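Read the structure below first, then the notes.
The values are calculated or read from the model by the stated rules, or taken from the named source; none is laboratory data. Fair warning: this is a prediction, and the values are worked out from it, not measured in the lab. Cβ sites come from the backbone with ideal geometry, for glycine too, and all protein chains shown count toward neighbours. In case anyone asks, the SASA skips ligands and DNA or RNA and just uses the protein heavy atoms, side chains included. Shrake-Rupley method; radii C 1.70, N 1.55, O 1.52, S 1.80 Å.
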There are 2 protein chains.
Amino acid sequence: MVTLLSFAIVKMLKVPEHQVAGHMAKNGVLGPLVDDSGKFYKPLQDNDRGSAELSFYTSLAVPPSIRSFFPAFHGTAVVPASDGSGPHTHLLLQDLIAPYTKPSVMDVKIGSRTWHLGHSEDYIAKCLKKDRTSSTVPLGFRLTGVKDSLSSWEPSRTFLQTLSAEGVALVLRKFVSSSNSDDSRSDPDCDFAAEVFGAVLERLVELKAWFEVQTLYHFYSCSVLVVYEKEKGNAKPLVKLVDFAHVVSGNGVIDHNFLGGLCSFINFIRNILQALHQFPGTAIFYGFYS
Amino acid sequence: MVTLLSFAIVKMLKVPEHQVAGHMAKNGVLGPLVDDSGKFYKPLQDNDRGSAELSFYTSLAVPPSIRSFFPAFHGTAVVPASDGSGPHTHLLLQDLIAPYTKPSVMDVKIGSRTWHLGHSEDYIAKCLKKDRTSSTVPLGFRLTGVKDSLSSWEPSRTFLQTLSAEGVALVLRKFVSSSNSDDSRSDPDCDFAAEVFGAVLERLVELKAWFEVQTLYHFYSCSVLVVYEKEKGNAKPLVKLVDFAHVVSGNGVIDHNFLGGLCSFINFIRNILQALHQFPGTAIFYGFYS
């Protein structure tokens, strides 16, 4: 721990360039930082959530094939907080975006419910309101951040969270297109759909198989993060789970909330891939399949 | 329709003997009736739910393999209401229990949410309260009725709905045992588990495959009904979906709420079968698997 601490102190820490969701370390707000060696410093919250996320990482017990869905964990480090409040304990995690030059990033908060029965009534009411007014309740997930750093396309969070099913499908198609401006007249070309969503689907189906049987954890308010790079020859995407401040014990029950939302997200991805196969070379999307 | 009506009128209608959930036609309450030709008369509610359930049955469009999960529908019939209020329109359905002499019956309301955004605020608040205080939110389903008519074991609805995961597992194991008294000292023998839950699991996995892709319907407050008979040589169970008063259009999104709950129920059934294989001949259940 001492080694990690002194290591961290000599590093230059900066605000992540491609963060799309969560608190951002800007304008005096407490938020995550990154160094130039691929580490992500996430401020440990001074409450149950902070200790929950720390204990999740320290005691993470999943099959080896599933471990790859989680960011690497390197302990904690006390470094100056981004809000100028002085030294603060941070989780020291893998900076998932570090290997990318111009990443396309998408953060998808999974589940039709972001609260659990252990939360306070106030917190439940707040979550329920947001779940009902976002796509969380109807779709079982909500897009919490999307960015293409090549084209600088970055729809606002408010825009993303209130999208209808058709709106979500359109954003997902833009995410894997070479041109994805906000211009609604242009149909997304889905040039990267086969390569990126093909691999994403494969990973998500692996994850789903685990969620069908695992009863250790319930992941509330947890996200699937998808990252890929258009410019590199190989656009193989990264698929990770992030944000474990609201993980609770499964107590012998599968995480039906996460699983249901994950299956819904999978179906959106699969629909886009199916449209591609049915109408190769066209940019037109013919709606949903049942 | 005229034929059905006159047919119905000359039939002797009676209160179903083995109904385990829903309104019951007793003590002047409006409830379903059955005749002796295998028809189930479900009073059509005088509101949106009545018309929703009728239109669900009249327009049901599912693959042939999935059709077998739904009770046969024979139109509507006006017959005297069970509450003495005079002629009332009833849905004329297949009486699923009719072929059984001493049925074991279980009604499982699937989903961690029994309401949808189209419901009134009052209705949502009422459902949410019941969902939170029953096993619906934590488990993704609740047992709404269980009965073994051979042993007359019939746990109360209140007892069933507030069960913990362990409690639900115990009731499920009693459901497939030759002796299932309320005596907590005796371990269920699970004599019928392999035959009954083996076949139930097979059917539920078929249903799950459909729910992973179907975006036509969202089934709120819908139940899986399981029926089998211990005394007959062949205890092959019946697995049906019932109660469609709160079915709404899926609008291009899978029913992640039903699917998640269904997967959770499947996992309970699978755990019981796995314990059986791991410890054959023993009546002891060694807890949950992850």
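Computed quantities for the displayed model
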quantity	calculated
Qualifying GluC sites (Glu not before Pro) in the range A:162-267, DSSP loop, other Cβ atoms within 10 Å at most 11	A:Glu231
Once the Cα gyration tensor of the protein assembly as shown is diagonalised, semi-axes √(5λ) in Å	48, 28, 21
Degrees, to the nearest 10: A:198-211 long Cα axis against longest axis of chain A	60
Carbon plus sulfur fraction of accessible area for the protein assembly as shown, probe 1.4 Å, in percent	56
Accessible area of B:Val29 in the full protein assembly, 1.4 Å probe (Å², nearest 10)	60
Shielding by partners - mean other protein chain Cβ count within 10 Å, residues of A:262-269	5
Inter-part distance where the range A:233-252 and the range A:157-218 are each reduced to a Cα centre, Å	15
Cα pair distances in chain B, grouped into 10 Å bins until the bin that holds the longest one, percent each	6, 27, 35, 24, 7, 1
A:Asp46 accessible area, assembled protein chains, probe 1.4 Å, Å²	140
Rounded D (µm²/s) - the range A:2-94, Kirkwood Rh over Cα pairs, Stokes-Einstein at 20 °C, 1.002 mPa s	155
Protein accessible surface hidden between B and A, which excludes ligands and nucleic acids, total in Å², probe 1.4 Å	2800
Closest approach to the A/B rotation axis among chain A Cβ atoms, residue and whole-Å value	A:Gly260, 1
Helix axis angle, A:256-278 relative to chain A longest principal axis, alpha carbon, degrees	40
Residue-normalised accessible area of the range A:2-94, given per residue in Å² at a 1.4 Å probe	51
Exposure rank, largest accessible area first [A:His119, B:His90; 1.4 Å]	A:His119, B:His90
Copy-to-copy label separations for B:Arg67, where each label sits 7 Å from Cα toward Cβ, in nm and ascending	5.2
For A:Thr101, solvent-accessible area (1.4 Å; no DNA, RNA or ligand), Å²	90
Other copies of B:Asn47: label-to-label distances in nm, shortest first, labels 7 Å along the beta-carbon direction	3.7
Cα-centre dipole for the protein assembly as shown with unit charges at Cβ (Lys and Arg positive, Asp and Glu negative), debye to 20	140
Whole-number D in µm²/s for the range A:182-262 (Stokes-Einstein; Kirkwood sum over Cα pairs; 20 °C, 1.002 mPa s)	147
Nearest-ten-degree value, helix B:165-175 long axis tilted from longest Cα axis of chain B	80
Gap separating the Cα centres of the range A:22-53 and the range A:87-150, nearest whole Å	14
